[in-house]
């Protein structure tokens, strides 16, 4: 089943994804006859269990491979089969099948119709594919995590629950906004300059965008991985270089536009340096913060986004105002 994991896929009938190349045995066969039949049939795929059905195709029991191989050759299958058999109805969904694998810890399940006639089987390969797709699906959750909300939380219908889970991260954003306002007030003599004030939103927007990208990449790299200082250092050096290159590219564009617009080479140079510095800081902070949260034993999936965006804004403003004061004041 190669399609991407979606709610629609999970709700499709399992019979659309079952295998039909299974071996079915009869209860009146001896072990020797069953083994000979299996050799003649040469079943495709992974052999896990052998299912025993009657003349009408109704499921009678299951014989695990080990039991079949170790039983006396003259023993009838009706004497060694295991009953009852946990089976999936044909109208069960893929989600139901995944729940069966989790609950019963078996490697395969037969699929039966209303008369309990066996029509196919699903094995553990389907379950593992679903888990891999689920891991890719979690990347969609990263967007929610940047604002402190998980998909499962976003789907909650209770207004008090939504308020309780979302409001704390709005407080983090509110605190960040007040902090950036205090920084702007502290650098008012620079921030109020005609050549500085119009470009504050631009500097903040660029740093926030890069920080969001870096947080998302860091969360993806942490899926199923341990956070260690060695791993963080190796990835952080690359993110530092990428952030500097991104900043240089954006900074050159901004500098040229401002030079053409305002005709001030000093301000163009200041914006170039500010964008390079702010974007580089944002990239490093965005990638490092989820790792630091994980190493501290905290869940990075919710907390890292809001904290990183605030830190990136603060760092970018400090770089911008200090560089502008150095060049213009």
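The values are calculated or read from the model by the stated rules, or taken from the named source; none is laboratory data. Everything quoted here is computed from the prediction, not taken from an experiment. Cβ atoms come from the backbone with ideal geometry, glycine included; neighbour counts cover every protein chain shown.
So the values come out like this:
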quantity	calculated
Boolean, residue 257 is part of a helix (DSSP H, G or I), touching a helix residue (DSSP H, G or I) at 6+ places or on another chain (Cβ under 9 Å), without any contact (Cβ under 8 Å) to a residue 40 or more places away in the chain and on the phi < 0 side of the Ramachandran plot	yes
Boolean, residue 266 is part of a helix (DSSP H, G or I), under 24 Å from the mean Cα position of the chain (by Cα) and touching a residue at least 60 places away in the same chain (Cβ under 8 Å)	no
Of residues in the range 66-90 being assigned to a loop (DSSP other than H, G, I, E, B) and touching a helix residue (DSSP H, G or I) at 6+ places or on another chain (Cβ under 8 Å), the one farthest from residue 30 (Cα to Cα)	90
Subset of the range 25-60 that is buried (at least 17 other Cβ atoms within 10 Å of the Cβ) and within 14 Å of residue 120 (Cα to Cα) - its residue that is modelled with the lowest pLDDT	49
Some residue of the range 251-261 being within 21 Å of the chain's Cα centre (by Cα), modelled with pLDDT under 90 and surrounded by 17 or more Cβ atoms within 10 Å (Cβ to Cβ)	no
Qualifying residue in the range 176-190 (condition: modelled with pLDDT under 85 and in contact with a helix residue (DSSP H, G or I) (Cβ under 9 Å, 6 or more places away or on another chain))	yes
Extreme residue, farthest from the chain's Cα centre (by Cα), among residues of the range 75-92 that are surrounded by fewer than 17 Cβ atoms within 10 Å (Cβ to Cβ) and farther than 16 Å from residue 52 by Cβ	89
Matching residues in the range 91-116 - criterion: being part of a loop (DSSP other than H, G, I, E, B) and under 12 Å from residue 59 (Cβ atoms)	113, 115, 116
Residues located in the range 178-218, provided they are part of a loop (DSSP other than H, G, I, E, B) and surrounded by 15 or more Cβ atoms within 10 Å (Cβ to Cβ)	187, 193, 195, 196
Unmet criterion (only one of (1) under 42 Å from the mean Cα position of the chain (by Cα); (2) more than 14 Å from residue 108 (Cβ to Cβ); (3) surrounded by fewer than 17 Cβ atoms within 10 Å (Cβ to Cβ); (4) at pLDDT 85 or above) for residue 16	(4)
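Let's see how each residue does on (1) in the same structural domain as residue 19 (by TED's automatic domain parsing); (2) under 16 Å from residue 23 (Cβ atoms); (3) modelled with pLDDT under 85:
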site: 64; (1), (2), (3): yes, yes, no
site: 71; (1), (2), (3): yes, no, no
site: 77; (1), (2), (3): yes, yes, no
site: 95; (1), (2), (3): yes, no, yes
site: 99; (1), (2), (3): yes, no, yes
site: 114; (1), (2), (3): yes, no, no
site: 123; (1), (2), (3): yes, yes, yes
